[in-house]
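Student: First the structure, then my questions, so here it is.
The values are calculated or read from the model by the stated rules, or taken from the named source; none is laboratory data. Quick caveat: nothing in here was measured; it's all calculated off a predicted structure. Virtual Cβ from ideal backbone geometry, glycine too; neighbours counted across all protein chains shown. We work out accessible area using only protein heavy atoms, side chains counted, and drop any ligands, DNA or RNA first. Shrake-Rupley method; radii C 1.70, N 1.55, O 1.52, S 1.80 Å.
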Amino acid sequence: MQVELGFEEELLYGETCPPPGREGIGQFCRRILVKIVLIWIILLLFSFEYYLLEEKQILSHPVEAFVSRTDLAVQSLMVGVTVQLPPAANFSELKPLVMRAGRLLGITSGAGILDAQITSEGRVLVWTAPDRRGRQHTITGVIGKDGLTLLEIETTDWDGEAKIKDSSTELFLLASRFGKVISTRLQVEGYAACQSDAAPEQWVQQWRLSDLEVIRTGPAVRLRGVTADLAPGQRQAVPFTLSFIPTGGSRGRLTLSVGS
């Protein structure tokens, strides 16, 4: 009787718990399948991001698309923001805000030049200094006679590999800590090729231009206009200035300034 019960228990155990070898192969196959699916999804996402970046230029800053299209060898990039601060009465109240902005940008205390002046615009406090990455910053606090207190930050980077979108986003997020961002601006400078049969005006023909002025001074060309295609998100039109000065051969110095 005991032998029969033991045999039945063995059969029941064998049905509910498969042999270790068979169970291990099943788990192994499932793990491999999950890894293959995850790798496929990651590759698909990377492919889609590359498509958006290279083909549709959705993930990049519109000025980056212009730099890529003109094959511009960037020499310098300046990004700037203006923030409306809570009202300040004097330099003593303004200075901590200017110094805090500098510290967040990586400027060490005591670096650069701090200058305070009373001008026709009001009280102006300017801190000009480099950071640890070699970028140059100008931080300006203004207590205007109209009652507004503003903080203006401009960062210039001479690294030709600097990303326009990353630099703009970094400065915008930093400035947002102090108050409402009321304007942004950037300027990119470098050298670009200009074919003899293609005028610089052709660089902007595909933009949705609501205004365009062309000024020629000898071989130099200066374009001023308004377009939504240079604004992040392309929601509202922004003014721009584009200048091209030939430097010999088919190349020239190109400067593009965009403000909002």
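Student: Using alpha-carbon pairs under 8 Å, 6+ residues apart, how would you state the relative contact order of region 144-260 in percent?
Tutor: 24 percent
Student: Need one word for region 89-226: rounded, prolate or oblate. Basis is the Cα gyration tensor (sqrt eigenvalues a ≥ b ≥ c); a/c below 1.5 gives rounded, then a/b vs b/c decides.
Tutor: prolate
Student: Straight distance only, please: which lysines reach the Cα of Lys180 with their own Cα at less than 26 Å, same-chain residues fewer than 8 apart left out?
Tutor: Lys95, Lys145, Lys163, Lys165
Student: Additional query: Which Cα, out of Gly225, Ile215, Leu242, lies furthest along the positive dipole direction of region 141-243 (beta carbon charges, K/R +1, D/E -1)?
Tutor: Comparing the listed Cα positions along the dipole, Gly225 ranks first.
Student: Right, another one. Near Val37, within a Cβ-to-Cβ distance under 13 Å, what is the net charge of the other residues, with Lys and Arg +1 and Asp and Glu -1?
Tutor: So the surrounding residues net to +3.
Student: Where in region 162-226 are there GluC sites (Glu not before Pro) that are in a DSSP coil and have at most 13 other Cβ atoms within 10 angstrom of their Cβ?
Tutor: The qualifying sites: there are none.
Student: Working out 0.36 nm times the residue gap between Ser250 and Leu212, then minus their Cα-Cα distance, what length gain in nm do you get to one decimal?
Tutor: Extra length from Ser250 to Leu212 when fully extended: 11.2 nm.
Student: Pop a pseudo-label 7 angstrom from the Cα along the beta-carbon direction at both Thr169 and Ser76 and give the gap in nm to one decimal.
Tutor: Placing both labels 7 Å along Cα→Cβ, they lie 2.6 nm apart.
Student: Take the Cα coordinates of region 165-260, assign each an equal point scatterer, and use the Debye formula without solvent to give log10 I(q)/I(0) at q = 0.11, 0.19, 0.22 Å⁻¹.
Tutor: One equal scatterer on each Cα of region 165-260 leads to -0.39, -0.95, -1.14.
Student: Something else now. Hey, what do the phi angles of region 214-219 turn into as Karplus ³J(HN,Hα) couplings, whole Hz, using 6.51/-1.76/1.60 and θ = phi - 60°, x for Gly and Pro?
Tutor: Listing the rounded values in order: 10, 10, 10, 10, x, x Hz.
Student: Using the Karplus curve 6.51 cos²θ - 1.76 cosθ + 1.60 with θ = phi - 60°, what ³J(HN,Hα) values do you get for each residue of region 33-40, in whole Hz, with x for Gly and Pro?
Tutor: 5, 4, 5, 4, 5, 5, 4, 5
Student: Go through region 105-207 and name the trypsin sites (Lys or Arg not before Pro) that are in a DSSP coil and have 15 or fewer other Cβ atoms within 10 Å of their Cβ.
Tutor: In loop regions of region 105-207 (DSSP not H, G, I, E or B), the sparsely surrounded trypsin sites (Lys or Arg not before Pro) are Arg132, Arg133, Lys145, Lys163, Arg177.
Student: Under 14 Å from the Cβ of Leu212, count the other residues' Cβ atoms, weight Lys and Arg +1, Asp and Glu -1, and hand me the total.
Tutor: Charge balance in the 14 Å sphere: 0.
Student: Something else about it: What chymotrypsin sites (Phe, Trp or Tyr not before Pro) does region 154-260 have in DSSP loop regions with at most 16 other beta carbons within 10 Å?
Tutor: Loop-located and lightly packed - Trp158.
Student: Want the number for Ala228 to Ser120: 0.36 nm per residue separation, take away the alpha-carbon distance, what's left?
Tutor: 35.5 nm
Student: For region 104-216, with every protein chain kept in place, what is the accessible area per residue (1.4 Å probe, Å²)?
Tutor: Heavy-atom accessible area per residue stands at 57 Å².
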